[in-house]
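Enquirer: Can you keep this structure in mind? I'll have questions shortly.
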């Protein structure tokens, strides 16, 4: 049996969170066009598909990075959406007319229990740090991948690069349950170096 697997429950949660987050960000990224007229008439499918590429891809691959690193270590790891967070994301985007989005769709749950791949590694500081930094690393890689196209003036690529860079910075803040807290506890030197890289990447996206 492959150690990399998904349950049907997890797939449902990923789809639900991705659709809700992409819709919320579609309102943010196209607020002037959407809220400048009648919502139903102003909203275009392309707004959603563009947000799905720019934001959905960043979110899904970020969470999968956490999941696969954890599963590689023999740990149980599955994404679970946070219903209230999804309602707040969509609700605030609508209420503020695209002025604000609360992006807390859920999280990848990790445990050493329920593993079917032999003895899992311990959920110690090092492993939690490695699992935590995996998501932001993917966002930095995606930023770098979109930058050449952003430099060509492709608006979707510019948005995708900026969203990924911002997502990396936000998640590396060493507070509460964010990834940065786990990395900070693991190695402050690695946190400082990687956080500086995230800021540098974001600065580059603002110059293209």
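All of the numbers you see were taken from the coordinates with simple rules; none came from a lab. Source: prediction; values computed, not measured.
Enquirer: Equivalent ellipsoid semi-axes for the chain, as square roots of 5 times the alpha carbon gyration tensor eigenvalues: give them largest first, rounded to whole Å.
Expert: Details: eigenvalues 186, 88, 42 Å².
After scaling each eigenvalue by five and taking roots: 30, 21, 15 Å.
Enquirer: Still on this structure: Once the Cα atoms of helix 155-171 and of the chain are each reduced to a long axis, what angle between those two axes, in degrees from 0 to 90 to the nearest 10, is obtained?
Expert: Taking Cα atoms only, the helix is inclined about 40 degrees.
Enquirer: Give me the distance between the Cα centres of segment 28-94 and segment 137-208, rounded to whole Å.
Expert: The distance from the Cα centre of segment 28-94 to that of segment 137-208 comes to 17 Å.
Enquirer: A further question follows. If you fit an axis through the alpha-carbon atoms of helix 83-95 and take the longest principal axis of the Cα set of the chain, what angle between them do you get, 0 to 90°, nearest 10?
Expert: So the inclination is approximately 20 degrees.
Enquirer: What does segment 124-208 give for Rg and for Dmax, in Å, if only its C-alpha atoms count?
Expert: 13.3, 44
Enquirer: Something else: Considering all alpha-carbon pairs of segment 1-116, what whole percent are spaced by more than 22 angstrom?
Expert: 39 percent
Enquirer: On alpha-carbon atoms, Rg over Rh for segment 1-63 using Kirkwood Rh?
Expert: Numbers: Rg = 14.7 Å, Rh = 12.9 Å.
Rg/Rh for segment 1-63 comes to 1.14.
Enquirer: Sticking with this structure for a sec: In degrees, nearest 10, range 0 to 90: what is the angle between the Cα axis of helix 125-151 and the longest Cα principal axis of the chain?
Expert: So the helix axis and the longest Cα principal axis differ by about 30 degrees.
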